[in-house]
Amino acid sequence: MSGLKEIAKLAEVSVSTVSNVLNGRKNVGRETRERVLRLCSEHGYFPHKSTKSDKSNTIIFVFSDFDRDYYLKIIKGISHCLTENGYDLIICTNKSSTNFMRSKFASGTISLDRNMTDEYLVSVATPQFPVVLMDRIIDNEYANTKSVIVDNYPVMCEMVQALVDKQFRTFGYIGGLEFTLDHKERFAGFMDTLSKNGIAFDRRNYFHGDYSEESGYQAAKILILSNALPEVLVCANDNMALGAIKALEENGIRVPEDISITGFDNSDAAAMAGLTTIAIPRYESGYLAAKELLEMIKGTTGREPFKLNATIQWRKTVR
């Protein structure tokens with residue numbers, strides 16, 4: 001555990017500057033503020049604050065990995081809402097997240113970090129420290145949490161039904177990390193819609209992915225070896241769909257002439273590639289997550305999940 005003087009020395013600022021940052025005063029520049037907070041997190045230093053009045057108008061956003069296109073719009077929405085309401089935003093990932101959240105120097109957290117366990121989030125989500133979750137729902141009456149999430153199931157049902165209506169009958173699927181809510185809801189929508197239409201799904205055409213482009217690329221390479229391509233490959237996100245397209249095209253398989261492909265997210269890369277996908281309102285989700293957190297801090301909102309609608313974007317990867 002480092003002390004105030006050590007943090008000041010590492011940050012090359014005065015002790016009073018470090019104190020001003022930790023007390024949320026506005027007389028410190030953004031670059032200096034972020035450097036001091038980063039060093040405090042890395043070295044596990046935050047003084048104990050015991051009363052509500054001690055807390056700064058600071059909100060933490062934590063996430064598990066950095067996909068610039070995906071997170072940037074969410075962060076922009078969060079930042080705009082907080083700025084409008086006089087709050088500062090601290091963004092962190094990996095191990096520094098737990099240091100920030102345990103320190104209680106902030107007023108609350110918005111979490112989009114699949115690596116954090118439910119148990120840990122429950123332990124930090126106290127009446128004095130609300131947590132908004134953007135990747136899961138935690139059913140615990142004692143945890144001060146609220147979920148702002150995409151309503152994955154109905155829009156996946158809608159897209160698969162539209163594919164069936166277009167006369168597709170053989171399907172492949174590249175899923176995400178199986179413990180995530182996004183994967184569970186999207187795959188459930190996919191399977192339920194096929195079942196409703198009396199279409200059997202060949203489990204040999206199911207592939208595990210991790211939402212990365214590389215995992216989609218590898219899954220498609222394995223699919224190619226089967227010599228029996230499905231008519232359409234549904235992917236649980238855009239990154240995996242784009243990776244699959246790359247592998248298919250490297251092997252002379254045309255999209256959509258030989259196989260159709262869909263994604264989920266509506267990233268900028270997906271739009272440039274002409275990928276049929278499902279559009280998530282990322283800016284709006286970030287803005288609403290911040291808005292709900294501020295309402296929780298004021299004690300003026302319920303705890304029922306807030307679900308956002310998503311829409312299908314039909315493009316050239318579906319024939």
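Being in the same structural domain as I297 (by the TED database), open to solvent by less than 30 Å² (accessible area, probe 1.4 Å) and either outside any strand (DSSP E or B) or not charged (D, E, K, R) (or both) narrows it down to one of I174, I138, so name that one.
Exactly one residue qualifies, and that residue is I138.
Please verify whether R319 is under 22 Å from the mean Cα position of the chain (by Cα) and of a type in the set (D, E, K, R), treating the condition exactly as stated.
No, not satisfied.
Does the stretch 108-119 hold any residues that are under 18 Å from the mean Cα position of the chain (by Cα) and either open to solvent by 10 Å² or more (accessible area, probe 1.4 Å) or more than 19 Å from L294 (Cα to Cα) (or both), and which are they?
Once the filter is applied, which keeps residues that are under 18 Å from the mean Cα position of the chain (by Cα) and either open to solvent by 10 Å² or more (accessible area, probe 1.4 Å) or more than 19 Å from L294 (Cα to Cα) (or both), the stretch 108-119 yields L112, D113, R114, N115, M116, T117, D118.
So which residues in the stretch 255-279 are among the aliphatic types (A, V, I, L, M), open to solvent by less than 20 Å² (accessible area, probe 1.4 Å) and over 19 Å from Y173 (Cβ atoms)?
Across the stretch 255-279, the qualifying residue is only A279.
Select, from G252, G286, G243, G216, the only residue that is assigned by the TED database to the domain that holds S107 and either surrounded by fewer than 23 Cβ atoms within 10 Å (Cβ to Cβ) or in a helix (DSSP H, G or I) (or both).
Testing whether each residue is assigned by the TED database to the domain that holds S107 and either surrounded by fewer than 23 Cβ atoms within 10 Å (Cβ to Cβ) or in a helix (DSSP H, G or I) (or both) leaves just G286.
Checking the conditions here, which among I59, I78, I90 is modelled with pLDDT of 85 or more, surrounded by fewer than 21 Cβ atoms within 10 Å (Cβ to Cβ) and in contact with a strand residue (DSSP E or B) (Cβ under 8 Å, 6 or more places away or on another chain)?
When all the criteria are applied, what remains is I90.
V155 fails exactly one of the following numbered conditions: (1) out of contact with any helix residue (DSSP H, G or I) (no Cβ under 8 Å at 6 or more places or on another chain); (2) over 21 Å from D258 (Cβ atoms). What is the number of that condition?
With (1) out of contact with any helix residue (DSSP H, G or I) (no Cβ under 8 Å at 6 or more places or on another chain); (2) over 21 Å from D258 (Cβ atoms) applied to V155, the lone miss is (1).
Within the stretch 289-301, take every residue that is surrounded by fewer than 17 Cβ atoms within 10 Å (Cβ to Cβ) and part of a helix (DSSP H, G or I) and give me the one that is modelled with the highest pLDDT.
In this case the residue turns out to be E295.
Open to solvent by less than 30 Å² (accessible area, probe 1.4 Å) and either more than 17 Å from the chain's Cα centre (by Cα) or under 30 Å from E84 (Cα atoms) (or both): does that describe A310?
yes
The values are calculated or read from the model by the stated rules, or taken from the named source; none is laboratory data. Everything numeric in this text was worked out from a predicted model, so none of it was measured. Methodologically, a virtual Cβ is constructed for each residue, glycine included, from the backbone with ideal geometry; neighbour enumeration extends over all protein chains shown. SASA here: full protein model, heavy atoms, side chains in, ligands and nucleic acids out. Shrake-Rupley method; radii C 1.70, N 1.55, O 1.52, S 1.80 Å.
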